[in-house]
1. So for VAL65, VAL161, VAL134, fewest C-beta neighbours within 10 Å to most, what's the order?
2. Label points 7 Å out from Cα along the Cβ direction at GLU231 and ASN201: separation in nm?
3. Report the calculated FRET efficiency for ARG183 and VAL161 (r = Cβ-Cβ distance, R0 = 45 Å), to the nearest 0.05.
4. Working from Cα positions, state the angle (0 to 90°, nearest 10) between the long axis of helix 104-118 and the longest principal axis of the chain.
5. What shape does the range 104-154 take by its C-alpha gyration tensor, where a ≥ b ≥ c are the square roots of the eigenvalues and a/c under 1.5 counts as rounded, a/b above b/c as prolate, and the rest as oblate?
6. If you place +1 on the Cβ of every Lys and Arg, -1 on the Cβ of every Asp and Glu, and leave all else neutral, what size is the dipole of the range 16-86 about its Cα centre, to the nearest 20 Debye?
7. Let me have the 222 nm mean residue ellipticity of the chain computed from DSSP H runs of 4+ only, each contributing -39500 (n - 2.57), with the sum over all residues rounded to the nearest 500.
8. What's the local net charge at LEU61, with K and R +1, D and E -1, over the other residues with C-beta under 11 Å away?
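What follows draws every value from the coordinates through simple rules; no lab data is involved. Owing to the predicted nature of the structure, the values given are computational and were not obtained by experimental measurement. All Cβ positions, glycine included, derive from the backbone under ideal geometry; neighbour counts span all protein chains shown.
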Amino acid sequence: MPDRDRIVLLHSALGDSRLWARQVELLRGRGYDVVAPDLPGFGDTPEPHEPFSFVELVADLLPAVLVGNSFGGGIALRVALEHPDGVPRLVVAAPGVPDHEWSSEVREYWEREEALVEAGDLDGATQLNLDFWVAPDHHELVRPLQRRALELQAGQAPPEVTWPEQRPLSELAMPALVVVGDRDHSDFLAIGERIAREAPNARLEVVPGAGHLVAIEAPDAFERLLLEFLELPG
């Protein structure tokens, strides 16, 4: 399977590539070429001062299977739609899609986060994110990663991010696995169901006992689904 030897792991906005540490070790142990970048504004990668494209940054790593969670899942979807020949398979956990009608719960969270960041209360914004997105048992793992991201992003005016024209999910022709935790916010189950309904070769798996960070909160279940999907013929 030469076109599936590389796997690119795209992290959520709650941290950086360290969120994938366990999966990086697992996949490399199975012989995959694993790339887990810190996206701009996260971890060791500061935001650029000039306009840039998350989609084209990831496209430079293709061909590869893309695996993304949340914000990283949304990027993976956009890359797969824009560069389908370079993405033989796609795995997205709790992804966002641009035209989703977000619930009042999520919109109110965004407003609270923005107000805290604008007030310079990065500790408060970090705690808000942990309380809203992360199971309590994993707060101390995620806290320094989220705090680091907020520090990078609050230190300068946000750069312009360019996105390709949105394509319909019906064009997502490659095999795709959508994973959602049953304790996640309802928006993400709705998005997962929509992708599975509209993309011709997508299927949805709901993981019991997991929230938004499925690979952190239910790693055994996530990795079983991931490995089974990677090893499917075709």
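1. VAL161, VAL134, VAL65
2. 2.0 nm
3. 0.90
4. Rounded to the nearest ten degrees, it is 50.
5. Note, shape of the range 104-154 comes out oblate.
6. 420 debye
7. -13000 deg cm²/dmol
8. -2
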